[in-house]
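Please read the structure below before turning to the comments.
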Amino acid sequence: MSSQIFSHVELAPSSWQQSALQTDCKLHQLAPYIGKLKPNIARHLLSNFTNRGDTILDCFAGSGTIPLEAALLGRKVLAFDSNPYAINLTRAKLEAPRTLILANERLKQTLDASKRRMRYDESQIPEWVRKFFHPETLQNALRFCDECIERSDNFLLACLLSVLHHQRPGFLSYPSSHLVPYLRDRKYSREEFPDMYTERDLEPRLSAKITRTYRDLEPANRDNVITIEQISVEKLKLDREVDAIVTSPPYMNALDYIRDNRLRMWFLDRNTQNYSPEPTDKANRFDDMTAAFADNAFKFLRSGGRCILVVGETVSRKRMTSHPAERLYQRLLKQHPDLRLEHVIQDNIPDVRRSRKSGAATKRELILVLQKAG
């Protein structure tokens, strides 16, 4: 990190490292997503640097942590992301049924309708997808998925994706890892664990998931949601000014959002491949994204408004070391020289929040609090 650019770095509050699972909104745990921001960090940033009633833009919404916290705190929300899984989760969290009774009614109606849909020709399903499921489980999951998509029911769809793969009985797949989809058939062989390879029924698993989600749940006020759209920052167009931008751009050369979510993404987009390159692996693509952010998002920030960016500090991965926070700040400053850097907050990322067991990739985040000239 360049001391000339970030001469004064503040350490993150100790509360950021503490568990807040008991106080976080249960919707934050709706479905897994790699590298997601802790809700209490988003809550702290929104509470300290924005005001109730403000319009908040998050153009890299990810799993919807910032949009959900913003809505819960009485802010208006504009949320965008190019990843279909990210948009599904964001919509699901902000469009959840008001009560458990309503959620269960929708589940029953959708399950009944899905059973009337045509079965899939197995030859049209990629082998890498088929190997995760009992054939009947896969048929039922696909038909339920399609029914949810047709009904625009993002909440039920997210519930399905959340129980899609794991080795536990409450999930739908053969034994596999939970976050990143890999079969664990060496540890749990068919011969030794035959029950883990039988058909798994959707209804009880989805019902249990919904019941867990609605335990002590107070959904966000939908009136606080202006728009949620699947669109890249390069194609972003806004029709209004915003009071603040609070977002976490994809970490350059750090995470594989497509590869690590590939099974869930295939259910949403059947063109998804088993392995796909990550656009932000390349420095020039990261720079293009930053330029588009400056042109298409930052220019809509009102005078005196704040832009809060959660960015990886230093990344060493794939034989490459990069400094995305410094790189992003310099690019923004080039296009908006009147920017004022108010705060640089450093947060160490514990191993549990990284997606690599080795601890590779980003080990620290920098939160840049910028203010647009008034």
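If amide hydrogens are placed 1.01 Å from N in the peptide plane, which non-local residues have theirs closer than 5 Å to the one on residue 343?
Here 369 satisfy the definition.
For residue 307, which sequence-distant residues (separation of 5 or more, or a different chain) have an amide H within less than 5 Å of its own amide H, given hydrogens modelled in the peptide plane?
245, 370, 371, 372
Using the Cα centre as the reference, give the magnitude of the dipole from point charges on the C-beta atoms of the chain (Lys, Arg: +1; Asp, Glu: -1; all else neutral), rounded to the nearest 20 debye.
380 debye
Amide H neighbours of residue 30 under 5 Å, counting only residues 5+ apart in sequence or on other chains, H built in-plane at 1.01 Å?
none
Please give the contour-minus-distance gain from residue 101 to residue 275: 0.36 nm per residue of separation, less the Cα-Cα distance, rounded to one decimal in nm.
58.7 nm
Specify which residue in the list 104, 225, 343 is farthest towards the positive end of the charge dipole of the chain, using unit charges on the beta carbon of Lys, Arg (+1) and Asp, Glu (-1), about the Cα centre.
The one lying farthest along the dipole's positive direction is 343.
Relative contact order for the stretch 100-213: what is it in percent, counting Cα pairs under 8 Å that are at least 6 residues apart?
On the way: 122 pairs, mean separation 30.8, N = 114.
The normalised contact order for the stretch 100-213 reaches 27 percent.
Between 21, 46, 107, find the one with the highest GNM mean-square fluctuation for the chain; connect C-alpha pairs within less than 10 Å.
Per the Cα network of the chain with a 10 Å cutoff, 21 tops the list.
Taking springs between alpha-carbon atoms closer than 10 angstrom, which of 34, 149, 56 fluctuates most in the Gaussian network model of the chain?
Checking each option, the largest mean-square fluctuation is seen for 149.
Apply the a/c threshold of 1.5 to the C-alpha gyration tensor of the stretch 78-149 and tell me whether it is rounded, prolate or oblate.
Judged from the Cα gyration tensor, the stretch 78-149 comes out oblate (a/c at least 1.5, b/c at or above a/b).
Between 130, 186, 151, find the one with the highest GNM mean-square fluctuation for the chain; connect C-alpha pairs within less than 10 Å.
It is 186.
Read through the labelled values (1) 0.97; (2) 1.06; (3) 1.01 and report the label of the one computed as Cα Rg over 2.2 N^0.38 Å from the structure.
So the calculated entry is the one marked (3).
Normalised by the number of residues in the chain, what is the relative contact order in percent for Cα pairs under 8 Å and 6+ residues apart?
Taking the mean separation of contacting Cα pairs over the length of the chain, I get 20 percent.
Within the chain, what's the longest stretch lacking GluC sites (Glu not before Pro) that sit in DSSP loops with no more than 11 other Cβ atoms inside 10 Å? It would help to have the intermediate numbers written out before the result.
Values: sites that count: 191, 192.
Result, exposed sites excluded: 1-190.
Of the beta bridges DSSP finds with both residues in the chain, what % are antiparallel, to the nearest 5? Show your work: numbers first, answer last.
Details: 19 of 37 bridges.
Restricted to the chain, the bridges split so that about 50 percent are antiparallel.
Each reported figure results from applying straightforward, stated rules to the coordinates on display, with no laboratory input. Note that this is a predicted model, so its numbers are computed, not measured. FYI the Cβ positions are ideal-geometry reconstructions off the backbone, even for glycines, and counts take in every protein chain you see.
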